[in-house]
Number of protein chains: 2
Amino acid sequence: MTLDPVLARIDDDLPQATERLFDLLRIPSISTDPAYKEHCDAAADWLVADLASIGVDASKRPTNGHPMVVGHVDGPEGAPHILFYGHYDVQPVDPLELWDNPPFEPQIEDTPKGKVIRGRGSSDDKGQLMTFVEACRAWKAVHGSFPVKITFFFEGEEESGSPSLIPFLKDNGEELQSDVALICDTGMYGEETPAIVTRLRGLLGQEITITGPNKDLHSGMYGGISMNPARVLAKIIAGLHDDNGRVTVPGFYDGVAELPEDIAAQWKGLNFDAKHFLGEVGLSHPAGENDRSALEMIWSRPTCEVNGMKSGYTGDGFKTVLPSVASAKISFRLVSKQDPIKIRESFQNYVQSMLPPDCSVEFKNHGASAAGEMSTDNPAFHAAKSALTDEWPQPAVFTGCGGSIPIAAHFKTYLGTDALLTGFGKDDDQLHSPNEKYDMESFHKGIRSWARILNELGA
Amino acid sequence: MTLDPVLARIDDDLPQATERLFDLLRIPSISTDPAYKEHCDAAADWLVADLASIGVDASKRPTNGHPMVVGHVDGPEGAPHILFYGHYDVQPVDPLELWDNPPFEPQIEDTPKGKVIRGRGSSDDKGQLMTFVEACRAWKAVHGSFPVKITFFFEGEEESGSPSLIPFLKDNGEELQSDVALICDTGMYGEETPAIVTRLRGLLGQEITITGPNKDLHSGMYGGISMNPARVLAKIIAGLHDDNGRVTVPGFYDGVAELPEDIAAQWKGLNFDAKHFLGEVGLSHPAGENDRSALEMIWSRPTCEVNGMKSGYTGDGFKTVLPSVASAKISFRLVSKQDPIKIRESFQNYVQSMLPPDCSVEFKNHGASAAGEMSTDNPAFHAAKSALTDEWPQPAVFTGCGGSIPIAAHFKTYLGTDALLTGFGKDDDQLHSPNEKYDMESFHKGIRSWARILNELGA
């Protein structure tokens, strides 16, 4: 009775909702690159104005980095209080030449599987964030009010390690209190099955810069006799995994728990098609620990990856230089009770131990968050599961997620709030890659899903 | 009698000679970067015009790459015929931010050890090349003619592997015949001892690009399960040397001869100060084969160096990408009878053998030249040694050179001509690095040295 007109309104308003999303997508809010600072600020302003337009008391909150956006609306007496989190910042766009269209000029494209919204941030996370805002807009338009009390909380540094988040949670803990935090930054399981993520990997980012000679040298005059930092870096990276795909950093597996039997059984039931998953990106062999299933490799086992590596001359042609420095960006995905701080320390000790004479190393930290494992005791989990099941072809499932959404752990730690993660991204959304997209179906049914979840929560 | 007025003329004309060199240094003739093609052409034009101004019949000769410059002047009946070689192209200038002044705005600087000419190409090789041209100019100005028959031969692709050189030598072998080829692209031994290089290392350049997934991936969604090409590249590079500093490519040391006892004895007499040599660039430990002397590491042992390496995100901040490709530029310095083609093959086989499933490799060749060992039987070697000894504080010596000047081997192979390598660079010239310089003393006494050598050769 209360829900149906809201769903109808969402269907009617879809073109306008898409236009609003496009406005937000056009803002190049790349948080990791200081050159885009103003654009991050502009995205925050846009959100404040958009929330205000549906009656939310919203404001931009300065931090040492990019601003937060916080907004509040009241709900009926006795209704639960929810907090909704999303992030308005996006990943860098390089390699730019691989984009078919400019990344910040969003377009609707017809594809064999239906319409998609193409552009950086369409899926991660602006499109997802707006599914919730649009659900609220429809509710407000139809009923003039909201079914629950809502706090909106949008961050602008998620793609760059969220340096301001913990201080902000600490300083504003009271204002951000709620019964449950809803986080929309995850995806569907396949095309038809909505997922609520109850396991998230943590993330530890480390940049290392090895210096050998005090300047770039001529590799003829100095080659052989002078230590080449690129060789040192290669040896460090090569030593990070053993032949079985296990990470060698001492103590790395401390605190890694085996999967509980019930969860293992549920995952087995998902019949994960590793061949298809890898085939989509041109691969055929699971490359992780060789005694683990593919789904474990992604959802419940820790990893170590090189995200970037650079040394010497990398332009066109050839330069016979013996480089002075070599650097790498390395990240670890963490699970269970792995302690990011201890692992950082152990990794740094490992790197130090690999340095030959004449080489020095500089470390730069890029975030350190533990893994998150949710308890599904909070009634919101079952309300959401039921609402999602109503909207989509297949029943909703509890899953894991390979990515790191440290916010979930931080909400638990600093606000004492359980986090419920759901979202409508698809496996082929090309997150963090060129030609990122969000299915129009994800956007449309995503908005409808939130309307249903709000309805269940308010019931 | 014939020489003294030439030397006096050189002394008087030094300011004008420096101005001419500055004109040439201002042309950014970076051969390896296609963006600088026109400037390479302009440098060739400048040389043709400058040679013409001293009565040389000079012209620019097109190739598939940058042009050659060839010029001729006649000498007295019965005088020997020499060919003089230099190269007008220069190395790229990155990292540009480490230059104290713009690389193509040459300046004279006062330093504790005297005046230096600062700018890209000042030492390698425009400054060196002009020492010979200026000696000829002085001779012509004083005597109205030249003491020997001279062919001038300037190349514009030396810093990018000389792709057009061998075809040009083959096509113009008759025109380029001479009794001896003089090559000015090497340095002094220390500050006071002129050197004639009789051993040169060869150079084999290889670029490898490893591809794993067919696009950049999110390291959360795909980390662990997907093979990361940066790890593969690191393992390949890490495996190129053993713990004793020896190169592991199968067959790499085939054809590497031990140093003849007389040369070994002569080198020992040089009392090479490895501590000082390394200390200048911030190092203290010779990093080559651990059973070899420092001078052997540079002059008579083969090496393998990483000149460049790149994968994934290398900008500011952090990007949790699992890269699709990883690439490296790797070069080998070769000695004695090492066969560059066999080593290339063996290296490529090694790389192939290191590829895990799902990874492929693409190779790009960047030059392959064997080492050169000169016979000093040609009378020009002793004439030059005597002339150089007259000009400088210490007697001239026969030495090795770590760098690769493949032209010397090519002259022998394609023209049948012995090459005599001498030059006036100093160890601190910062070749290929930011803030390259050429001592004013190198330039001035270099010109005087060539006048003396011309005199000896014509005697």
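When both residues are 6+ apart or on different chains and their Cβ atoms are under 7 Å apart, which pairs have a first residue that lies in the range A:41-55 and is touching a residue at least 60 places away in the same chain (Cβ under 8 Å), and a second that is among the charged types (D, E, K, R) and not in a helix (DSSP H, G or I)?
Sorted first by the residue in the range A:41-55, then by its partner, the pairs are A:Ala44/A:Lys60.
Within the range A:243-273, how many residues are aliphatic (A, V, I, L, M) and touching a Leu at 6+ places or on another chain (Cβ under 8 Å)?
The total comes to 3.
Out of the residues in the range A:344-367 that are modelled with pLDDT under 95 and either in contact with a Phe, Trp or Tyr (Cβ under 8 Å, 6 or more places away or on another chain) or hydrophobic (A, V, I, L, M, F, W, C) (or both), state the one that is nearest to A:Ala234 (Cα to Cα).
A:His366
Would you be able to say whether some residue in the range A:65-74 is without any contact (Cβ under 8 Å) to a residue 40 or more places away in the chain and either surrounded by 15 or more Cβ atoms within 10 Å (Cβ to Cβ) or under 24 Å from the mean Cα position of the chain (by Cα) (or both)?
no
Mind checking which residues of the range A:264-278 are part of a helix (DSSP H, G or I) and surrounded by fewer than 12 Cβ atoms within 10 Å (Cβ to Cβ)? Show your work before the answer.
Filtering the range A:264-278 down to residues part of a helix (DSSP H, G or I) leaves A:264-269, A:274-278.
Hits for the range A:264-278 are A:Ala265, A:Lys268, A:Gly269, A:His276.
Output the number of the condition that B:Arg201 fails; it satisfies all remaining conditions of (1) more than 30 Å from B:Val325 (Cα to Cα); (2) away from every other protein chain (no Cβ under 11 Å).
Just one mismatch for B:Arg201, condition (2).
So A:Asp12 passes all but one of these: (1) surrounded by 14 or more Cβ atoms within 10 Å (Cβ to Cβ); (2) assigned to a helix (DSSP H, G or I). Which condition number does it fail?
Going through the list (1) surrounded by 14 or more Cβ atoms within 10 Å (Cβ to Cβ); (2) assigned to a helix (DSSP H, G or I), A:Asp12 breaks only (1).
Can you tell me which residue within the range B:324-333, out of those that are closer than 25 Å to B:Leu203 by Cα and of a type in the set (S, T, N, Q), is farthest from the other protein chains (Cβ to nearest Cβ)?
So the first thing to find is which residues in the range B:324-333 are closer than 25 Å to B:Leu203 by Cα, and the list is B:326-333.
Subsequent filtering for residues that are of a type in the set (S, T, N, Q) retains B:327, B:331.
Details: B:Ser327: 8, B:Ser331: 6 Å.
Checked the range B:324-333; the qualifying residue farthest from the other protein chains (Cβ to nearest Cβ) is B:Ser327.
Say we look at the range A:235-245 and pick out the residues that are touching a residue at least 60 places away in the same chain (Cβ under 8 Å) and assigned to a helix (DSSP H, G or I); which of these is farthest from the other protein chains (Cβ to nearest Cβ)?
Filtering first and then ranking leaves A:Ile236.
Within the group A:Ile208, A:Ile183, A:Ile196, which residue is modelled with pLDDT of 95 or more, surrounded by 18 or more Cβ atoms within 10 Å (Cβ to Cβ), more than 14 Å from chain B (Cβ to nearest Cβ) and under 25 Å from the mean Cα position of the chain (by Cα)? I'd like the intermediate steps shown before the answer.
Details: A:Ile208 fails: more than 14 Å from chain B (Cβ to nearest Cβ); A:Ile196 fails: modelled with pLDDT of 95 or more.
Only one candidate qualifies: A:Ile183.
Scanning for something touching a helix residue (DSSP H, G or I) at 6+ places or on another chain (Cβ under 7 Å) and more than 13 Å from chain B (Cβ to nearest Cβ), does the range A:273-292 turn up at least one residue?
The answer is no; no qualifying residue exists.
Based on this model, can you work out whether A:Gly78 counts as small (Gly, Ala, Ser) and modelled with pLDDT under 95?
When the stated conditions are applied, A:Gly78 passes them.
Hey, could you check the range A:279-296 for residues that are free of Cβ contacts under 8 Å to residues at least 24 places away in the same chain and buried (at least 21 other Cβ atoms within 10 Å of the Cβ) and say which is nearest to B:Gly223 (Cα to Cα)?
A:Pro286
Scan the strands (runs of 3 or more DSSP E) fully inside the range B:340-459 and keep the ones with 1 or more residues being under 27 Å from B:Pro95 (Cα atoms) and among the polar types (S, T, N, Q).
Passing ranges, in order: B:360-369.
Return the residue satisfying two criteria in turn: it lies in the range B:246-263 and is in a loop (DSSP other than H, G, I, E, B) and modelled with pLDDT under 95, and of such residues it is surrounded by the fewest Cβ atoms within 10 Å (Cβ to Cβ).
Selected residue: B:Glu258.
Can you report the number of residues in the range B:33-64 which are part of a loop (DSSP other than H, G, I, E, B) and at pLDDT below 95?
If we filter the range B:33-64 for residues that are part of a loop (DSSP other than H, G, I, E, B), which is where we start, we get B:33, B:54-56, B:62-64.
Within this subset, residues satisfying the condition of being at pLDDT below 95 are B:33.
Final tally of qualifying residues: 1.
Name the one entry in A:Thr413, A:Thr399, A:Thr422, A:Thr376 that is in contact with a Phe, Trp or Tyr (Cβ under 6 Å, 6 or more places away or on another chain) and of a type in the set (S, T, N, Q).
A:Thr399
State all residues of the range B:300-323 that are surrounded by 24 or more Cβ atoms within 10 Å (Cβ to Cβ) and either of a type in the set (S, T, N, Q) or more than 7 Å from every other protein chain (Cβ to nearest Cβ) (or both); if no residue qualifies, say none.
Those that are surrounded by 24 or more Cβ atoms within 10 Å (Cβ to Cβ) and either of a type in the set (S, T, N, Q) or more than 7 Å from every other protein chain (Cβ to nearest Cβ) (or both): B:Ser300, B:Pro302, B:Thr303, B:Cys304, B:Asn307, B:Ser311, B:Thr320, B:Pro323.
Considering only residues that are part of a loop (DSSP other than H, G, I, E, B) and among the charged types (D, E, K, R), look in the range B:111-126 and name the one that is surrounded by the fewest Cβ atoms within 10 Å (Cβ to Cβ). Steps first, please.
Initial filter on the range B:111-126 (part of a loop (DSSP other than H, G, I, E, B)): B:112-113, B:119-125.
Checking which are among the charged types (D, E, K, R) leaves us with B:113, B:120, B:124-125.
Working: B:Lys113: 11, B:Arg120: 27, B:Asp124: 28, B:Asp125: 28.
Top of the filtered list is B:Lys113.
Please give the number of the condition B:Val335 fails out of (1) under 25 Å from B:Lys235 (Cα atoms); (2) crowded, with 19+ Cβ neighbours inside 10 Å.
The one condition B:Val335 does not meet is (1).
With the structure loaded, tell me whether A:Glu134 is within 23 Å of the chain's Cα centre (by Cα) and assigned by TED's automatic domain parsing to the domain that holds A:His87 or whether it fails that test.
yes
Filter the range B:161-181 for residues that are farther than 30 Å from A:Val321 by Cα, part of a loop (DSSP other than H, G, I, E, B) and touching a residue at least 60 places away in the same chain (Cβ under 8 Å) and give the result.
B:Asn172, B:Gly173, B:Glu175, B:Leu176, B:Gln177, B:Ser178, B:Asp179
With respect to the numbered conditions (1) away from chain B (no Cβ under 14 Å); (2) polar (S, T, N, Q); (3) within 19 Å of B:Ser219 (Cα to Cα), which one is the sole condition not fulfilled by A:Asn378?
The single condition A:Asn378 does not satisfy is (3).
From A:Glu373, A:Glu362, grab the single residue that is more than 10 Å from every other protein chain (Cβ to nearest Cβ) and under 18 Å from A:Gly212 (Cα atoms).
After applying the criteria, what remains is A:Glu362.
Search the range A:77-95 for residues being without any contact (Cβ under 8 Å) to a residue 24 or more places away in the chain and at negative phi, and hand back the single one that is surrounded by the most Cβ atoms within 10 Å (Cβ to Cβ). Spell out the reasoning first.
Within the range A:77-95, the first condition is being without any contact (Cβ under 8 Å) to a residue 24 or more places away in the chain, and the residues that meet it are A:77-78, A:94.
This time we only want the ones that are at negative phi, so: A:77, A:94.
Values: A:Glu77: 6, A:Asp94: 18.
Out of the qualifying residues, it is A:Asp94.
The values are calculated or read from the model by the stated rules, or taken from the named source; none is laboratory data. Since the model is a prediction, treat every value here as computed from it, not as a measurement. All Cβ positions, glycine included, derive from the backbone under ideal geometry; neighbour counts span all protein chains shown.
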